[in-house]
1. Ignoring everything except DSSP H segments at least 4 long, calculate the 222 nm mean residue ellipticity for the chain; use -39,500 (n - 2.57) per segment, divide by total residues, nearest 500.
2. For the stretch 197-208, just list the computed ³J(HN,Hα) in residue order, Karplus coefficients 6.51, -1.76 and 1.60, θ = phi - 60°, integers in Hz, with x standing in for Gly and Pro.
3. Please list Ser207, Ser194 from largest to smallest accessible area, probe radius 1.4 Å, with all protein chains kept in place.
4. Using modelled backbone amide H atoms (1.01 Å from N, in-plane), which distant-in-sequence or interchain residues come within less than 5 Å of Val278's amide H?
5. Cβ under 9 Å from His96's Cβ, His96 left aside: what net charge do those residues give with Lys, Arg +1 and Asp, Glu -1?
6. Calculate, for the chain, the solvent-accessible area per residue in square angstrom, rolling a 1.4 angstrom probe over the heavy atoms of the protein chains.
7. Where the Cα atoms of the chain are projected onto their three principal axes, how long is each span, largest first, in whole Å?
8. When the chain is fully extended, how far beyond the present Cα-Cα distance does Arg318 get from Asp177, taking 0.36 nm per residue of separation?
Amino acid sequence: MTRSALTPQARSQPAGRTLGIPPQPIPSSGPAAAPTTHRADVDDDRWPDVAQPPSAGPARTAVARHLVSRALHRLTLTAPTGGARVHAAGPRMTVHDPDAFHRRIGRQGLIGFGESYMAGEWDSDDLAGVLTVLAARVDELVPAPLRRLRGLWVSARPAADRNTRDGARSNIRRHYDLSNDLFATFLDPTLTYSSAVFTAFPARFESLASAQHRKIDRLLDLAAVGEGTRLLEIGTGWGELALRAAARGARVTTLTLSAEQAALARERIAAAGLADRVDVQLRDYRDIQGRYDAVVSVEMIEAVGADYWPAYFTALRRALAPGGRIALQAITMGHQQMLHTAATHTFISKYVFPGGLIPSREAIAEHSAAAGLRTLADDGFGEHYAETLRLWRERFTARRPAVTGLGFDPVFQRMW
């Protein structure tokens, strides 16, 4: 997690809506359980790759069984005998269908691992704990000589998911236009869908709205947004940053490709009496018009795609008036991990954020500098995102009946 303030290189210078989800108690601690499902109950039309395990040769399945079983046992995530669960202090996995589990991984790697979970072929009473253990030891799960052969079993990203202008609109719809009511089930009343900044850990859900305002205010301060500032926001969300900027006296132009988000953001802005200060536009960042004193973009670069990072930073630079600032909030990953991920079709790119890629700090620095921008500040706050995600997960779980009532089946809920 990183937040940067950018300016042109010296050489280049010349209030929210209630959505009808009733309040329900939110657990204060403990792992968030997922709804149970069985492969026989999976909708073939909606989830074709989950409903049936892929065909996989016996050799690939056997290799997957050997490597995965050994790794899970070594990490004490499963019982060595494969029988009754043995006592352990850490998180544990229960594999209900070992044959399907290993076939999926042997054929599709980590996508298969995720689809097996969606199908109910394995479970955990602490999913976040299991994934934390796996993520911390990811480089050790496959022997080093075999890692060089990853190209034999990973898939390339589909060309159809590239973020061309048409592709970007389609990809955004697949995530952000799912349902405003769905997002309202787990977000705080500000409807802010990005990391908050807390004052103390562990955080409580009751403090999330103020923590989101704290984060937004820091971004606006980094960009020097105040009375009379002409502010461009790339990635509207549901309008909270635009609302707070307008309340400071700024004149805000905010861009989104999500029709659902734009509609609700306009309602919230009008309800706050700030419609004369905020212009919500359904517009691609590549089609920005005008020059601005400040630009803010919160966790939008992850949806751009590596092929289009040069265009993104060029658009930021072109939109910035002399002496202006950009405040950019982004999820980041290690550079080598990013390079591997960029060439791979992943579970996240298939099911959650098609066309997207989390950048590295190095990638942000390289592409922003190439566009004529220099970094003034770079602050990391990943631990705050971990708390934000925990609160969202606990709230989503507590409101599962409301999610089901919106038409989202158990497979979706496990995926989410």
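The values are calculated or read from the model by the stated rules, or taken from the named source; none is laboratory data. Quick caveat, the model's predicted, so the values are computed rather than measured. Reconstructed Cβ throughout: ideal geometry from the backbone, glycine too, with neighbour counts over all protein chains shown. Just the protein is used for accessible areas: all its heavy atoms, side chains included, with ligands, DNA and RNA removed. Shrake-Rupley method; radii C 1.70, N 1.55, O 1.52, S 1.80 Å.
1. Details: 17 runs with 174 residues, N = 416.
Mean residue ellipticity at 222 nm (helix-derived): -12500 deg cm²/dmol.
2. For the stretch 197-208, the Karplus-derived couplings read 10, 9, 9, 7, 10, x, 7, 10, 4, 4, 9, 5 Hz, x marking Gly and Pro.
3. Values: Ser207 40, Ser194 5 Å².
Ranking Ser207, Ser194 by accessible area, largest first, yields Ser207, Ser194.
4. Excluding prolines and chain starts, which carry no amide H, the hits are Val252.
5. On the way: positive: none; negative: Asp97, Glu121, Asp123.
In short, -3.
6. Numbers: 18780 Å² over 416 residues.
Ligands and nucleic acids excluded, the result is 45 Å² per residue.
7. Over the chain, Cα extents along the principal axes are 68, 49, 41 Å.
8. Values: separation 141, 0.36 × 141 = 50.76 nm, distance 2.89 nm.
Contour length minus the Cα-Cα distance gives 47.9 nm.
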